1. Scan segment 41-87 residue by residue and report those that are small (Gly, Ala, Ser), modelled with pLDDT under 80, farther than 18 Å from Val249 by Cβ and surrounded by fewer than 17 Cβ atoms within 10 Å (Cβ to Cβ).
2. Inspect all residues belonging to segment 160-174 and state whether any of them is assigned by TED's automatic domain parsing to the domain that holds Asp100 and without any contact (Cβ under 8 Å) to a residue 12 or more places away in the chain.
3. When segment 135-159 is examined, which residues are found to be outside any helix (DSSP H, G or I) and either under 16 Å from Gln179 (Cβ atoms) or touching a helix residue (DSSP H, G or I) at 6+ places or on another chain (Cβ under 7 Å) (or both)?
4. Please go through segment 176-187 and give me each residue that is of a type outside the set (Lys, Arg) and free of Cβ contacts under 8 Å to residues at least 24 places away in the same chain, ordered by number.
5. Can you tell me which condition Ala244 does not meet? The list is (1) part of a helix (DSSP H, G or I); (2) surrounded by 13 or more Cβ atoms within 10 Å (Cβ to Cβ), and all the others hold.
6. Within segment 157-188, count every residue that is surrounded by 15 or more Cβ atoms within 10 Å (Cβ to Cβ) and at positive phi.
7. Just to be sure before I move on: is Pro213 without any contact (Cβ under 8 Å) to a residue 12 or more places away in the chain and in a helix (DSSP H, G or I) in the structure I sent?
8. Let me confirm something: among Leu260, Leu231, which residue is of a type outside the set (Lys, Arg) and more than 30 Å from Ser93 (Cα to Cα)?
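The values are calculated or read from the model by the stated rules, or taken from the named source; none is laboratory data. Just so you know, these numbers come straight off a predicted model, no measurement behind them. Virtual Cβ from ideal backbone geometry, glycine too; neighbours counted across all protein chains shown.
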Amino acid sequence: MNALLASVAAALILTGLLLGVLGLRKTAPPPPRPSRRAVNRAPRLTRRSRLLLLVGLAAGIVVALLSGWVVAIVVFPAAAAGIPALVSAPAASRKISRLDAMEEWTRNLAGVLGVGVGLEQALIATLRSTPDAIRPEVAALTARLRARWTTTTAVRAFADDLDDSTGDLIAATLLLGAQRRGAGLASVLEGLAESVAADVRARRAVEADRAKPRTTARWVTIITLVVLLGLALNGSYIAPYKVAPLGPVILLTLLTAYALVLVWMRRMSRGEDAPRFIGTHAASTRSRA
């Protein structure tokens, strides 16, 4: 019983220290009114994460009963839910596929404009050949144009729907084309499509390089967990970590440090998105600056 209380106390102390460090970090002030789109993107506990938590809790209870390692009740659920998320690949492939779709759609739009069709008619005509990755956004754009929205307002809303710096660049080109009404918009869009294609190739090369350390970290973590599980069933190895209160505190400190290294690695491999310059998000960012 004393070992259980010591383990829980150590876990609470470490959690408090982590929350204190996070609270002292400098962060940008949040926008006064977050959009509905941003609220919908808030991270939620998925069904897979809940299942992993339950499996980890069950495994921790079994290990605690077999070996007397009470800390496993805290460690195993956290490891089961957190480690797969830390060593998995980030959602960069979806961003790359969206960029690829933007490049294809821009090229198609340039081809339609090249035959002498007006901008609004060309935007509506490209819906049939729009890639699936950005089809909802283009469908919303064509619906606004058919509803007699002005081209400028519809394109700005289109930029907000894409919510990407490359989408802002495409939208800015369309805004200039809507204002100037010149004959060179098709060639400008063709050049922009080439630039986006080069960006897609560069991002794919970067992601291929980032995948190598992630794979190494994944295998090292799996081997470490297997070894720790085997040693947890060997009472002689984990006996020093059962001595309350110092043993559980040291063990949780070491495991927390390992988890923080994984978090650090994931933050380094994630990269930062380029800032947007069109739409409500960019306007709120400028107002806070």
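1. Ala42, Ser49, Ala85
2. Within segment 160-174 (the criterion being assigned by TED's automatic domain parsing to the domain that holds Asp100 and without any contact (Cβ under 8 Å) to a residue 12 or more places away in the chain), the answer is no, since none of the residues qualifies.
3. Taking segment 135-159 as the starting set, the residues that turn out to be outside any helix (DSSP H, G or I) are 147-150.
Those that are outside any helix (DSSP H, G or I) and either under 16 Å from Gln179 (Cβ atoms) or touching a helix residue (DSSP H, G or I) at 6+ places or on another chain (Cβ under 7 Å) (or both): Trp149, Thr150.
4. Restricting attention to segment 176-187, the residues satisfying the condition of being of a type outside the set (Lys, Arg) are 176-179, 182-187.
Across segment 176-187, the qualifying residues are Leu176, Gly182, Ala183, Gly184.
5. Here Ala244 clears every test but (1).
6. 1
7. Numbers: without any contact (Cβ under 8 Å) to a residue 12 or more places away in the chain: no; in a helix (DSSP H, G or I): yes.
No; evaluated as a whole, the condition is false for this residue.
8. Details: Leu260 fails: more than 30 Å from Ser93 (Cα to Cα).
Going through Leu260, Leu231 in turn, just one is of a type outside the set (Lys, Arg) and more than 30 Å from Ser93 (Cα to Cα): Leu231.
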